[in-house]
Amino acid sequence: HDVQRVLWSLVDDRDPFVARSSVVLVPSRAAAAALRHTLETLACRAAGDSGADVVLTLPDLATRTEWYEQLYERLAEAPPLVNEFEREVMMGAAARQAAEAGAAPPFRLRPGIVTEIVRLYDELRRLRKGVADFERHMAADLEGDADTDRGAGRLLEQTRFLAGAFRGYEARLACPPR
């Protein structure tokens, strides 16, 4: 209820042009629909029994992917946009290439894992970390124990595999197929 009240306070009595130029990020389209319903309900309650027509201008309720697409549309000379499916295909190819190059993962490479590898890559980039930073920090923590600890050894293999896959993915992103 507190979150609803805060969101309502941000929407209520705002300039409609400001509201339309704002974005609220939601985890899914279902969450957007639920939030829209909540805000509309709160607007009706605020109007009360006055019988006045309720005019509500909501901000854009978008998922992160939708927001990125909206930002992309505003770019003047943008490189080609790579959708989620293409990104997973490119990461899958990069992961297979990394494994063939000798950085085999300590697990079986499955489609669901490729999806999570893309998410990990995205999270690293959101944190402004590069592949070299990821590999250096992870390897530094694991190399000392890898000879005596099987778990550390597997994590080090996994780190090297992920770094190789990330590098291959970045190379593919630089020249996406069209």
*asked:* For the stretch 20-55: of the residues being aliphatic (A, V, I, L, M), at pLDDT below 75 and assigned to a helix (DSSP H, G or I), which is least open to solvent (accessible area, probe 1.4 Å)?
replied: Ala47
_Count - residues of the stretch 124-153 that are open to solvent by 80 Å² or more (accessible area, probe 1.4 Å), under 25 Å from Val89 (Cα atoms) and not in a loop (DSSP other than H, G, I, E, B)_ = 2
*Given (1) surrounded by 10 or more Cβ atoms within 10 Å (Cβ to Cβ); (2) at pLDDT below 80; (3) under 25 Å from the mean Cα position of the chain (by Cα); (4) in a helix (DSSP H, G or I), where does Ser9 come up short, assuming only one miss?*
(3)
*Within the stretch 56-76, how many residues turn out to be at pLDDT 85 or above, assigned to a loop (DSSP other than H, G, I, E, B) and open to solvent by 50 Å² or more (accessible area, probe 1.4 Å)?*
2
*Number of the exception - Arg160 against (1) under 20 Å from Tyr68 (Cα atoms); (2) of a type in the set (Lys, Arg); (3) surrounded by 12 or more Cβ atoms within 10 Å (Cβ to Cβ)*: (1)
*Condition test on Glu170, is it in a helix (DSSP H, G or I) and open to solvent by 30 Å² or more (accessible area, probe 1.4 Å)?*
yes
*Quick one: which of Pro80, Pro176 is open to solvent by less than 80 Å² (accessible area, probe 1.4 Å), modelled with pLDDT under 85 and touching a helix residue (DSSP H, G or I) at 6+ places or on another chain (Cβ under 8 Å)?*
Pro176
_Tell me whether the stretch 99-110 contains one or more residues that are closer than 23 Å to Thr65 by Cβ, loosely packed, with under 15 Cβ neighbours inside 10 Å and aliphatic (A, V, I, L, M)._
no
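The values are calculated or read from the model by the stated rules, or taken from the named source; none is laboratory data. All values derive from a computational prediction rather than experimental measurement. For neighbour counting, all protein chains shown are included, and Cβ atoms are generated from backbone atoms with ideal geometry for every residue, glycine included. Ligands, DNA and RNA are excluded from the accessible area calculation, which covers all protein heavy atoms including side chains. Shrake-Rupley method; radii C 1.70, N 1.55, O 1.52, S 1.80 Å.
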